[in-house]
Amino acid sequence: MSAQCNRVNVTDGHMASVRVKLSRPASVEEVRGALASFTALPQELKLHSAPARPIIVRDEADRPQPRLDRDAGNGMSVTVGRITPDSVLDYRFVALGHNTIRGAAGAAILNAELLVAMKRLV
């Protein structure tokens, strides 16, 4: 994996340019499907702050965009787009997250909810 975070000149939102090497060959549709269908323990436990879809995949050539996509999932989802084969690794894509909601305050709240649900914090 190779990633570069790009802080763009907007109120909120960080974009990452990501390249990944997969453990086995996969089509663009399989990569897209794996990202779009991803869920984890916060979704399984239906935690209050957990977005129903932690990763939202966009198919438009110009997405994600900070002002249009940063608030996906009430700011708790990461938007991924521009998934294409890569000549160095296997695939490349762009990911966008809300740096205040998902990246700081919201992530802290979700972590606390998870710790309570796992009975590691009372």
Residue that is farthest from PRO54 (Cα to Cα), among those in segment 70-97 that are hydroxyl-bearing (Ser, Thr, Tyr) and without any contact (Cβ under 8 Å) to a residue 40 or more places away in the chain | SER87
Checklist (1) surrounded by 12 or more Cβ atoms within 10 Å (Cβ to Cβ); (2) at positive phi; (3) more than 14 Å from the chain's Cα centre (by Cα) applied to LYS119, failing item | (1)
Residue ID - surrounded by the fewest Cβ atoms within 10 Å (Cβ to Cβ), chosen from residues in segment 27-67 that are in contact with a Phe, Trp or Tyr (Cβ under 8 Å, 6 or more places away or on another chain) and more than 25 Å from LEU110 (Cβ to Cβ) | VAL28
Selection count, segment 68-81, where residues are farther than 20 Å from ILE109 by Cα and surrounded by fewer than 20 Cβ atoms within 10 Å (Cβ to Cβ) | 1
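Just so you know, all these numbers are worked out from the coordinates, no wet-lab data involved. Keep in mind that what you see is a predicted model, and the values were worked out from it rather than measured. Using ideal geometry, Cβ is built from the backbone for each residue, glycine included, and neighbour counts are taken over all protein chains shown.
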